[in-house]
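A.B. asks: Once you've had a glance at the structure underneath, I'll fire off some questions.
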Amino acid sequence: MSERAMPQYTLFHSFAFSLIMYFLVYKPYLMLSQFSREGNKPTLADLEFDFPTDVYPVGRLDADSEGLLLLTNDKQLNHRLLNPKFRHNRTYYVQVEGALTSEACQLLADGVTISVDGKPYHTLAAHAQSIDEPPLPARNPPIRYRANIPTSWLSIALHEGKNRQVRKMTAAVGFPTLRLVRWAIETFTAEGMEPGQVRELSRADVLRGLRL
């Protein structure tokens, strides 16, 4: 954890001061990106960390995806990161079914047509490339191994975040996603983190890491 900056305060209408805080979380596989309960599904409330009650995720990761989530009670930052006008890069490591081709990577980079809210949507230009298997923490449970079907890994960087976008994109070029890990948000990466781990960030960390 980096050195903490001077505390930042926001004055709400109740005239009560609230400490602005930031956290980086490595969300485990099958955990919901929320604190509220849905049946017996694990949530962020199950992490071994005492989050302030007014802290929430900025955006989300699907339950079957893993990797970085940014949590904060900074409403201005939340608005900026969720507003499509202010683009920020998110990099994903994706394991797909099949032997990935350079042609498929180029299609992903140029943009493909997927369905969003039942309507055709052409994704924005991205950076996509085939990579060797990255040194990620083991997934629990692991991907089902099938000897007669190869798998491949790619890195894809987006600055938009439609619902299940990466999975829809790889399926559109003929390579279904088997495992999806959000590895980076701008310059923040999951390097050295384990599923369920939480890092507290200073405001200076956030401004620098998100290039704000």
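The values are calculated or read from the model by the stated rules, or taken from the named source; none is laboratory data. Not measured: the values here are computed from a predicted model. Here Cβ is always computed from backbone atoms with ideal geometry, including for glycine, and neighbour counts include all displayed protein chains.
A.B. asks: If residue 96 meets every condition in (1) assigned by TED's automatic domain parsing to the domain that holds residue 58; (2) within 17 Å of residue 157 (Cα to Cα) apart from one, which number is that one?
C.D. replies: So residue 96 meets the others, but not (1).
A.B. asks: Could you go through region 145-154 and let me know if any residue there is exposed (fewer than 12 other Cβ atoms within 10 Å of the Cβ), of a type in the set (D, E, K, R) and over 19 Å from the mean Cα position of the chain (by Cα).
C.D. replies: yes
A.B. asks: For region 161-173, state whether one or more residues are more than 17 Å from residue 88 (Cα to Cα), surrounded by fewer than 16 Cβ atoms within 10 Å (Cβ to Cβ) and assigned by TED's automatic domain parsing to the domain that holds residue 102.
C.D. replies: No, region 161-173 has no match at all.
A.B. asks: Further question on the same structure: Which ones in region 19-36 are surrounded by fewer than 16 Cβ atoms within 10 Å (Cβ to Cβ) and at pLDDT 95 or above?
C.D. replies: 30, 34, 36
A.B. asks: Continuing with this model, one more query. Considering only strands (runs of 3 or more DSSP E) fully contained in region 109-207, which possess at least 2 residues that are touching a Cys at 6+ places or on another chain (Cβ under 9 Å), of a type outside the set (Gly, Ala, Ser) and in contact (Cβ under 8 Å) with a residue 40 or more places away in the chain?
C.D. replies: 151-158
A.B. asks: On to the next question. If you scan region 174-203, which residues turn out to be crowded, with 18+ Cβ neighbours inside 10 Å and of a type in the set (Ser, Thr, Tyr)?
C.D. replies: 177, 202
A.B. asks: List the residue pairs whose Cβ atoms are under 7 Å apart, where the first residue sits in region 34-62 and is within 26 Å of residue 165 (Cβ to Cβ) and aromatic (Phe, Trp, Tyr), the second is assigned to a loop (DSSP other than H, G, I, E, B) and at pLDDT 95 or above, and the two are 6 or more positions apart or on different chains.
C.D. replies: Hits for this filter: 35/43.
A.B. asks: May I pose another question? Mind listing just one residue for me: the one in region 59-103 that is at pLDDT below 95 and among the aliphatic types (A, V, I, L, M) and, of those, surrounded by the fewest Cβ atoms within 10 Å (Cβ to Cβ)?
C.D. replies: 82
A.B. asks: Residues of region 82-108 being closer than 13 Å to residue 58 by Cα, part of a loop (DSSP other than H, G, I, E, B) and in contact (Cβ under 8 Å) with a residue 40 or more places away in the chain, which ones?
C.D. replies: 88 - this is the single residue of region 82-108 that is closer than 13 Å to residue 58 by Cα, part of a loop (DSSP other than H, G, I, E, B) and in contact (Cβ under 8 Å) with a residue 40 or more places away in the chain.
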